[in-house]
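Asks: Handing you this structure, nothing more for now.
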Amino acid sequence: MEIQSLSVGSMDNNAYLLTDSGEGLLIDAAADILALLSLIGDTPINTIVTTHRHHDHIGALADLAQHTGAVLVAGEPDADAIESATGVRIDRRVWDGDTVQVGNSELEVIGLVGHTPGSIALAHAPAGEATQLFTGDSLFPGGVGKTKSDADFASLLGDVTAKVFDHFADNTVVHPGHGDPTTLGEERDQLPAWRARGW
């Protein structure tokens with residue numbers, strides 16, 4: 001599986017193009033349909049995954065869905081809000097235990113509650129290679145995503161700890177919704193500090 005990324009829109013959202021065996025999957029059709037079409041080129045996009053419902057991650061979803069005819073995927077708890085905001089239909093509502101396919105590569109869906117009720121991450125864990133983890137706005141270098149309450153923060157940190165840090169190795173590469181990639185090893189020692197500061 002090959003990974004390409006492009007920062008789009010006024011909030012510098014990362015859109016990720018995953019390709020395998022001539023098929024493409026796009027993560028977060030955030031903004032700037034022309035830039036996304038340039039990134040995609042001639043690659044057939046069979047699937048578009050939206051990591052969560054916030055407006056800066058769905059700005060080009062309707063246009064790209066119309067252009068590609070792709071299957072649209074989102075976390076079950078965020079799907080209604082995405083449909084309402086974009087006018088598109090979410091074809092697959094996913095959560096923990098579900099998988100998404102691109103070519104011969106499988107990605108595990110991980111539900112991470114807190115930044116939004118239905119945020120998801122995708123993990124590609126090929127045997128003998130570092131896991132590639134696409135986290136949307138749930139995990140960044142230096143902390144978890146923004147939350148609106150202490151309960152939301154506790155939920156997000158708890159999910160990220162149990163479902164990500166306790167599950168994947170230190171060499172796992174984190175591809176966030178904004179900014180540069182990191183690894184779980186670079187972030188792991190900071191978990192107590194994140195918990196103590198409350199954000």
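The values are calculated or read from the model by the stated rules, or taken from the named source; none is laboratory data. Computed from a predicted model, the values in this text were never measured in an experiment. Note that each Cβ is placed from the backbone with ideal geometry, even for glycine, and that neighbours are counted across all protein chains shown.
Asks: Inspect all residues belonging to segment 28-39 and state whether any of them is buried (at least 21 other Cβ atoms within 10 Å of the Cβ), at pLDDT 95 or above and among the β-branched types (Val, Ile, Thr).
Replies: If we filter segment 28-39 for residues that are buried (at least 21 other Cβ atoms within 10 Å of the Cβ), which is where we start, we get 28-31, 36.
From what's left, at pLDDT 95 or above: 28-31, 36.
If we keep only those that are among the β-branched types (Val, Ile, Thr) as well, we get none.
Taking every residue of segment 28-39 in turn, none turns out to be buried (at least 21 other Cβ atoms within 10 Å of the Cβ), at pLDDT 95 or above and among the β-branched types (Val, Ile, Thr).
Asks: Would you check if residue 155 is without any contact (Cβ under 8 Å) to a residue 12 or more places away in the chain, out of contact with any Ser or Thr (no Cβ under 7 Å at 6 or more places or on another chain) and either closer than 21 Å to residue 118 by Cβ or of a type in the set (A, V, I, L, M, F, W, C) (or both)?
Replies: On the way: without any contact (Cβ under 8 Å) to a residue 12 or more places away in the chain: no; out of contact with any Ser or Thr (no Cβ under 7 Å at 6 or more places or on another chain): yes; either closer than 21 Å to residue 118 by Cβ or of a type in the set (A, V, I, L, M, F, W, C) (or both): yes.
When the stated conditions are applied, residue 155 does not pass them.
Asks: Of the residues that sit in segment 127-172 and are part of a strand (DSSP E or B) and either aliphatic (A, V, I, L, M) or in contact with a Cys (Cβ under 8 Å, 6 or more places away or on another chain) (or both), which one is nearest to residue 107 (Cα to Cα)? Give the steps one after another, and end with the answer.
Replies: Going through segment 127-172, the residues part of a strand (DSSP E or B) turn out to be 132-136, 139-140, 143-144.
From what's left, either aliphatic (A, V, I, L, M) or in contact with a Cys (Cβ under 8 Å, 6 or more places away or on another chain) (or both): 133, 139, 144.
On the way: 133: 9, 139: 17, 144: 21 Å.
Step by step, filter segment 127-172, then rank; the result is 133.
Asks: If we keep just the residues of segment 24-47 that are part of a strand (DSSP E or B) and of a type outside the set (Val, Ile, Thr), which is farthest from residue 85 (Cα to Cα)?
Replies: Going through segment 24-47, the residues part of a strand (DSSP E or B) turn out to be 24-27, 45-47.
Those left that are additionally of a type outside the set (Val, Ile, Thr): 24-26, 46.
Values: 24: 25, 25: 22, 26: 19, 46: 22 Å.
Per the stated criteria, the residue is 24.
Asks: Is it true that residue 85 is surrounded by 14 or more Cβ atoms within 10 Å (Cβ to Cβ) and within 25 Å of residue 59 (Cβ to Cβ)?
Replies: On the way: surrounded by 14 or more Cβ atoms within 10 Å (Cβ to Cβ): yes; within 25 Å of residue 59 (Cβ to Cβ): yes.
Yes: the conditions hold for residue 85.
Asks: Another one. Test residue 123 against the stated conditions and say whether it is out of contact with any helix residue (DSSP H, G or I) (no Cβ under 7 Å at 6 or more places or on another chain) and surrounded by fewer than 20 Cβ atoms within 10 Å (Cβ to Cβ).
Replies: Working: out of contact with any helix residue (DSSP H, G or I) (no Cβ under 7 Å at 6 or more places or on another chain): yes; surrounded by fewer than 20 Cβ atoms within 10 Å (Cβ to Cβ): no.
So residue 123 does not fit the description; no.
Asks: Cβ contacts < 9 Å: first residue in contact (Cβ under 8 Å) with a residue 12 or more places away in the chain and on the phi > 0 side of the Ramachandran plot, restricted to segment 187-198; second residue part of a helix (DSSP H, G or I) and loosely packed, with under 13 Cβ neighbours inside 10 Å, any location; separation 6+ or different chain. Result?
Replies: Filtered contacts from segment 187-198: 198/150.
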